[in-house]
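Single-structure report; data block below.
Each reported figure results from applying straightforward, stated rules to the coordinates on display, with no laboratory input. The structure displayed is predicted, hence computed values, not measured ones. Counting neighbours? That spans all protein chains shown, and the Cβs are built from the backbone with ideal geometry, glycine included.
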Amino acid sequence: MQREYKTIVLSDIHLGSKWSKTKEATRFLKKNRCETLILCGDIIDGWAILRGKKAKWKRRHTNFMKALLDISLTTRIIYVRGNHDDFLDRIIPVRFLNMSIVRDWVYESNGKRYYVLHGDLFDRVTSSMSWLAKIGDVGYSLLLWANKAYNRRRIKKGLPYYSISGEIKKKVKASISYISDFERHIVDIARKKECNGVICGHIHQPEIRQFDEITYLNSGDWIESLSALTEDFNGNWEIHREGKEASGTPTTTRA
C-alpha cells in the first residue's frame, strides 16, 4: 500500500556510481506518492561516469529514471542541479512534461517558503577548488570499498551495519567546523531571501534543525544514509530512513 505525502525530497542518489543504492531508491518511489517531488542535486553522478574506464550506467539506474517518468504523470518534479550533475548547467533552466530542471528554487508549501538548493555553492572546496573535490571523491570511493568489505565480515558475525566512512567524515568535518559552517551559510541565504526554511543535500548528513526562525532541512543521501525528507499535508516534516544492509527496517525522525 502506497503512502501519500504533500512533498518528498531526495538527493545524492549518484546514479552511475557503483555505490549508489538505486534499487532501494526506486523501491521507495514506488511505495510513496506525493504532489511534489524535489530532487535536490547529485541525482546523476557525472563525475563517476566520466572517471570510469568502463560504462557505469546500469539497468537499475535506467529503472530509476523510468520510475521518475511514470510518476511525472501525476507528480510535479523539481530537479535542482548539484555539483556531480553540473553537466546540466548547459541546459538549465528547462522544463518538459511535469519536470523543471533548475539551479535553485523557492518552494511554497503550507503557507511557508523554502529556499531549495543542492548546497555545493556554499562549499569552498567544491566551488573554488574542483580539482581537490574530485581527488576527495576518489578517496571517498576507497573508503566505501573498505566499508563494504568490513561490513561483510560484521554481518557474518551477526553484528549491525557500521559506517567507517561516515564516522571518519563526521570526525574530520567536525574538526574544521565544516558542517556547522555549511548550515550557517545555507540558513543565512534563506533568511536573506525571506524564506521560512531551506532544503538542501550535498553533505550526506540528513538533518532537520531549527536556527531561530529558519528551519534547516537536509535530505541526506542514497549511498549510506538511505534517507529522504517527507512533508505531510499539515506541513510536518520528517526524515525517512530506509533500512540499511543489516536491518531492512525503515525509520523516521520527526521535526
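Could you list log10 I(q)/I(0) for segment 82-123 at q = 0.17, 0.19 Å⁻¹, which the Debye formula gives when each Cα is one point scatterer? Here log10 of I(q) over I(0) equals -0.56, -0.68. Mean projected area of the Cα convex hull of segment 51-97, taken over all directions, amounts to 4.3 nm². Counting charges near PRO93 (Lys, Arg +1; Asp, Glu -1) among other residues having Cβ under 13 Å from its Cβ returns a value of +2. With R₀ fixed at 45 Å, the C-beta to C-beta distance from LYS66 to LYS193 puts the FRET efficiency at about 0.85.
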